[in-house]
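Student: Structure in structure tokens, see below.
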Amino acid sequence: MQAIVRVCGHNNATYGPVPKDEQLFSVEFLEIAPTPITADRVVFLYLHGWIPSETPSLNIKSPDLGLINATLKLSSSAKFPDGSSDPSKSLTIPFKSTIFNNAAHLVIRDESGKQVDYMPTTGGDVLLDFDFRIPRIFLRTGEWTFQVDARLGDEGDTCLFAFESVQWLEGEKS
């Protein structure tokens, strides 16, 4: 059994399901505010890190455009006080700066802080800003597990980063 490794920063996230040493992206910190997450409040995730320069060739077609084939898988599952559970639900999307709706945004920034469409393949630091809101009215109270799994989109399905966070959330449904 592998040891649980916490992600640096103000959060309760751990590396997984892919072990930290098998992930390409080097994380300086992950900030999640508020921690713990609260329903009906905007949640901000701020990830800062880089792809190490000593990384072997990423073997992508257009490195100047960034990681245009990368994907981001967002998953959630829950255990409820009555012993029942909600099976895992997931959504896989292109990993690019996106406005999902007026309450959810993903912004990728290069080392200068400029917004870019895709994660850069070279250069220095990368910043990822993700904000969203979980409406209490649609939420069932319980222990929720959230997973994020970013993949390069190459032949080997290389993992950029993968994190998991377990949170107790209070909803209006029981």
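Student: Being within 14 Å of the chain's Cα centre (by Cα) and open to solvent by 80 Å² or more (accessible area, probe 1.4 Å) is the filter; apply it to segment 29-56 and report the residue that is farthest from Thr121 (Cα to Cα).
Tutor: Step by step, filter segment 29-56, then rank; the result is Phe44.
Student: Next question. Consider only pairs whose beta carbons are under 7 Å apart and that are at least six residues apart or on different chains; among these, list those whose first residue lies in segment 159-174 and is under 12 Å from Pro19 (Cβ atoms) and whose second residue is of a type outside the set (A, V, I, L, M, F, W, C) and open to solvent by 100 Å² or more (accessible area, probe 1.4 Å).
Tutor: Listed pairs, sorted by first residue: Cys159/Glu22.
Student: What do you reckon, is Glu143 modelled with pLDDT of 95 or more, open to solvent by 50 Å² or more (accessible area, probe 1.4 Å) and not in a helix (DSSP H, G or I)?
Tutor: Against the criterion (modelled with pLDDT of 95 or more, open to solvent by 50 Å² or more (accessible area, probe 1.4 Å) and not in a helix (DSSP H, G or I)), Glu143 qualifies.
Student: Do any residues in segment 2-16 that are within 21 Å of Pro34 (Cα to Cα) have Cβ atoms under 9 Å from those of residues that are open to solvent by 60 Å² or more (accessible area, probe 1.4 Å) and among the aromatic types (Phe, Trp, Tyr), where the two are at least six apart or on different chains, and which pairs are they?
Tutor: Gly9/Tyr46
Student: Could you please find all residues in segment 146-174 being in contact with a Lys or Arg (Cβ under 8 Å, 6 or more places away or on another chain), surrounded by fewer than 17 Cβ atoms within 10 Å (Cβ to Cβ) and more than 18 Å from Val43 (Cβ to Cβ)?
Tutor: Going residue by residue through segment 146-174, those that are in contact with a Lys or Arg (Cβ under 8 Å, 6 or more places away or on another chain) are 147-151, 157-160, 170-174.
Right, trim to surrounded by fewer than 17 Cβ atoms within 10 Å (Cβ to Cβ) and you get 157, 170, 172-174.
Hits for segment 146-174 are Asp157, Lys173, Ser174.
Student: Another question about this same structure. What number of residues within segment 55-100 satisfy the criterion of being on the phi > 0 side of the Ramachandran plot and modelled with pLDDT under 90? Before you say what the answer is, go through the steps one by one.
Tutor: Filtering segment 55-100 down to residues on the phi > 0 side of the Ramachandran plot leaves 59, 66, 83.
Now restrict to residues that are modelled with pLDDT under 90: 59, 66.
So the answer is 2.
Student: Take segment 77-123 and flag every residue that is of a type in the set (D, E, K, R) and within 30 Å of Gly171 (Cα to Cα).
Tutor: Listed by number, the residues that qualify are Lys79, Asp82, Asp86, Lys89.
Student: For segment 88-110, which positions are part of a loop (DSSP other than H, G, I, E, B), touching a residue at least 24 places away in the same chain (Cβ under 8 Å) and surrounded by 14 or more Cβ atoms within 10 Å (Cβ to Cβ)?
Tutor: Residue satisfying the conditions is Phe95 alone.
Student: Can you find a residue that is open to solvent by 30 Å² or more (accessible area, probe 1.4 Å), among the small types (Gly, Ala, Ser) and at pLDDT 95 or above anywhere in segment 115-123?
Tutor: no
The values are calculated or read from the model by the stated rules, or taken from the named source; none is laboratory data. Nothing here was measured: the structure is a model prediction, and the numbers come from that model. In this analysis, Cβ positions are derived from the backbone assuming ideal geometry, glycine residues included, and neighbour counts consider all displayed protein chains. Ligands, DNA and RNA are stripped out before the accessible areas are found, and what is left, the full protein with its side chains, is counted by its heavy atoms. Shrake-Rupley method; radii C 1.70, N 1.55, O 1.52, S 1.80 Å.
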